[in-house]
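The values are calculated or read from the model by the stated rules, or taken from the named source; none is laboratory data. A quick note: this is a predicted structure, and the numbers were derived from the prediction, not measured. Methodologically, a virtual Cβ is constructed for each residue, glycine included, from the backbone with ideal geometry; neighbour enumeration extends over all protein chains shown. Side chains included, ligands, DNA and RNA excluded: accessible areas come from the protein's heavy atoms. Shrake-Rupley method; radii C 1.70, N 1.55, O 1.52, S 1.80 Å.
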Amino acid sequence: MSPETAGYLQRLQPLLSMPRETVPQLTVEETRSSLRWAAESLGLELVEIKNIAPTFLLLPPAGRDPDVLLFGTWHAEALPVDPAAVEGAERLALSTTLAGLGRAPEATAAILVAPGATQGSLMLAQALREHRARLRARVAFWPRIAPRAPRRRRVFLGARGRVVLGVWEAGVNPYRIRDRIVEELKGEAYGPRPLDFELLRKLGENRDALDFLEETLEAPGAGTGEGEARLRGALFEPRGQVVKPQVSHPDRPQAWLILDISENADPDELLERARRYAEGSRIEMAEGFPWDRISIHHPSIQAEIKLTKSVSEGPEIWPAAPWLTPSGVFTRALGLPLAEWGVPVHPGVAVRFPKPEDFEALAREVEGLVRGALAEAVERAG
């Protein structure tokens, strides 16, 4: 194990060892302390955006534009993440990201550390907008801890989005609003592009890809049919749910309308549409994750594709991830999509107490991702 990586593991172990059920205030204190140390080690400035659950930024000195923007989270996700990532491994992914960046000192990086990736979209968007000038980079990556290493590493050209609306008045029928919006979105959707059809055809013939898709389909109606048709529905068709609290309260929404969206469905426009159908009744947005697409020629995707050839048999390219990611929030605020990358662990890895050799392997792969992005930038500039 390199001395640099060993130093990161030793210093970040207190954060790693905190269980999922840790009191949030204690987790924040340890996260703040760990990120302050990491910022000093990496030569970055630590900025804390105070809130109930704060967001942290590690920024290069003023006047220096980052080569790469890295995203991580410091607390457990509110939604299930398997098989996209290992449950409860968010802090291991963050620590691995910091250590991997420490192994590539030639990279000028910015790091955004949010409470979570599947909640807090409105606060995340505000943080990105307010610090846009110092976060704009050539590429942005979200390293995650994947539960296993597939024969071919998966590269996702975007992701689905989600809009969560709170319906406050009991007299409003949220099911009727949901059905109307979903039906309209299906009629308005452009659907897969020519490249998407080619990718869907290849994935539809791949038993491993179809088995992987089945693990992700938790929402009702998330893909019907077989093979290519099932993939197309899971990745591109809009769908909706209505969730009602077990106990109603006059100061809280009477129902939640959850819209899983693809294409260019705009969260703000969907909010206005729902209010219109509710005839002006109170409806507020709790989450607004736009859908997103990333060109296969984008430098972040090209860097990932090249990395797959050194860590696996090559890429397995998907038109979009079959789950929610914050990539669309980044694209809206920065004009920069967020490319997801799964760093696999073997079943024996303890996410809270990783062995030095396991942590070294994870950090080395993040280093490869960062160096690959730098090499891609040099190649394009030359």
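Tally the DSSP beta bridges in the chain and give the antiparallel ones as a percent, rounded to 5. If I count the DSSP bridges inside the chain, around 55 percent turn out antiparallel. Distances between every pair of Cα atoms in the chain, grouped in 10 Å steps from 0 to the bin holding the largest one, split as 5, 23, 33, 25, 12, 2, 0 percent.
Secondary structure note: in region 1-144, about 45% of the DSSP beta bridges are antiparallel. Bridgeable aspartates and glutamates around K202 (alpha carbons under 15 Å apart, same-chain partners fewer than 8 residues away excluded): D211, E226, E228, E316.
Over the chain, accessible surface divided per residue gives 44 Å², non-protein components excluded, 1.4 Å probe. Specify which residue in the list A110, N51, P61 is farthest towards the positive end of the charge dipole of region 7-127, using unit charges on the beta carbon of Lys, Arg (+1) and Asp, Glu (-1), about the Cα centre. About the Cα centre, the residue reaching furthest to the positive side is P61.
Pairs of Cα atoms nearer than 8 Å and 6+ residues apart set the relative contact order; for the chain it is 26 percent. Rounded to the nearest 10 degrees, the inclination of helix 299-311 to the longest alpha-carbon principal axis of the chain is 60 degrees. Across S121, S34, S310, mean-square fluctuation computed from a Gaussian network of the chain (C-alpha pairs under 10 Å connected) peaks at S310.
The alpha-carbon of K244 sits under 28 angstrom from the alpha-carbons of these lysines, leaving out residues fewer than 8 places away in its chain: K186.
Between L217, L112, L35, the GNM of the chain built on Cα springs shorter than 10 angstrom shows L217 fluctuating the most. Across region 77-231, the mean sequence separation of Cα contacts (distance under 8 Å, 6 or more residues apart), normalised by length, yields a relative contact order of 26 percent. What the phi angles of region 337-350 give under the Karplus curve with 6.51, -1.76 and 1.60, with θ = phi - 60°, is a coupling list of x, 10, 8, 7, 9, x, 9, x, 10, 7, x, x, 6, 8 Hz, glycine and proline written as x.
Taking other residues whose beta carbon is less than 13 angstrom from the beta carbon of D292, and scoring Lys, Arg as +1 and Asp, Glu as -1, yields +1.
Measuring nothing but protein heavy atoms, the accessible surface of the chain at 1.4 Å probe radius is 51 percent carbon and sulfur.
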